[in-house]
Amino acid sequence: MAVKKSVGLAALLIGFMVITGGCGKPKKETPVTGGIILGFSQIGAESAWRRCNSQSIQEAAAAAGIQLLFSNAEQKQENQIKAIRSFIAYQVDVIAFVPIVADGWDNVLQEAKDAGIPVLVTDRKIDIEDENLYAGFIGTDSVSEGRSAAEFLVKKFEDRLTSQDKPIRIVELSGTTGSSPARGRAQGFREIIDQYPQFQIIYSESGDFLRSKGYELMRSVLKELQDIDVIFSHNDGMTLGVLDAIKEKNINPGTDIVIVTIDAEQAAIDALIRGEVNCVIECNPKTGPAIMQLAQKLAGGDTIDRFIHVEEAVFSEGDDLSSIPPRGY
Ligand code: AHR
């Protein structure tokens with residue numbers, strides 16, 4: 001059996017950031033001190049939410065004394081697979097990753113299993129034939145987030161749901177195609193919306209969780225479609241782009257069009273307070289400390305719960321919004 005290489009050398013050879021101290025400040029070439037080594041594949045830095053998620057992981061690893069090999073996949077699944085293979089080659093104690101999309105992980109996770117390295121899936125879920133190829137999942141419950149978004153609309157449009165008035169026309173901007181939050185949020189939303197024939201989803205397109213795409217999509221939607229009652233956006237980044245596009249057309253967001261968004265970044269909460277957004281569903285990115293506890297358990301040979309969902313809140317117009325603490329992202 002090969003000897004575990006020093007983390008410093010591994011970083012040098014395969015280009016990971018080794019995080020050993022401070023808030024998100026990488027230190028390279030730190031010798032192994034006998035602690036746990038965690039290989040973490042992050043998908044990128046597409047949103048303020050994601051940057052906070054990475055920071056939470058890096059800070060929590062430093063606080064727990066866990067040596068973190070942190071890899072940024074720049075939004076490419078192939079880069080994640082390469083990173084996981086490198087973690088296996090260097091015999092890290094635990095692998096954790098955020099799967100950019102749900103499918104396509106069977107082979108590489110079989111390789112990790114064969115190497116005896118436990119794998120923790122976080123933030124986004126995977127669809128896999130053999131569930132035993134990973135130890136467990138920690139992250140948000142996207143289906144429930146989608147349901148919360150729809151439940152807000154049911155209350156908001158209560159009067160129109162019972163009348164034979166014109167339909168309530170919904171535009172949906174979804175997240176990255178094939179990702180579990182895009183699938184889950186769409187699924188949960190429809191579970192509720194489909195119970196009310198007055199609701200009609202007149203347009204649904206992926207904006208890839210990006211502000212720039214939210215802006216572009218909304219500009220073209222506004223050219224083609226009229227009488228939009230609702231925009232359901234799968235994340236705040238896209239929502240901020242949507243707000244820019246709507247304001248350019250002198251439409252009042254939050255009044256002329258009801259806007260429901262997911263993440264609860266500070267910018268979205270501020271927009272809610274200004275009345276430009278009507279409901280914000282929290283998606284909690286601060287999972288670093290819980291991930292480190294799970295990594296410690298797994299490194300010690302323990303099993304963990306199959307699915308751990310973190311707590312999330314819903315912030316709506318009409319709530320007392322003055323007491324929301326700064327979001328930090
Ligand atoms: O996977 C979680 C989603 O990914 C967040 O809602 C979004 O902002 C991020 O990019």
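Below is a table of values for the structure above.
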| item | result |
| --- | --- |
| Hits in region 141-194 - residues which are free of Cβ contacts under 8 Å to residues at least 12 places away in the same chain and assigned to a helix (DSSP H, G or I) | LYS155, GLU158, ASP159, THR162 |
| Members of region 112-131 that are under 22 Å from LYS297 (Cβ atoms) and of a type outside the set (A, V, I, L, M) | LYS113, ASP114, GLY116, PRO118, THR122, ASP123, ARG124, LYS125, ASP130, GLU131 |
| Only listed residue being open to solvent by 40 Å² or more (accessible area, probe 1.4 Å), more than 16 Å from the ligand (Cβ to nearest atom) and in contact with a Ser or Thr (Cβ under 9 Å, 6 or more places away or on another chain), chosen from LYS155, LYS166 | LYS155 |
| One residue from ILE88, ILE138, ILE81, ILE128 being farther than 27 Å from ILE231 by Cα, surrounded by fewer than 22 Cβ atoms within 10 Å (Cβ to Cβ) and either at pLDDT below 95 or within 13 Å of the ligand (Cβ to nearest atom) (or both) | ILE138 |
| Qualifying residues in region 38-54 (those that are hydrophobic (A, V, I, L, M, F, W, C) and within 16 Å of ALA290 (Cα to Cα)) - the one nearest to the ligand (Cβ to nearest atom) | CYS52 |
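The values are calculated or read from the model by the stated rules, or taken from the named source; none is laboratory data. The structure presented is a predicted model; accordingly, all values stated were derived computationally and were not measured. Cβ: placed from backbone, ideal geometry, glycine included. Neighbour counts: every protein chain shown. Each accessible area value is taken on the protein alone, full model and side chains, heavy atoms only, with ligands, DNA and RNA left out. Shrake-Rupley method; radii C 1.70, N 1.55, O 1.52, S 1.80 Å.
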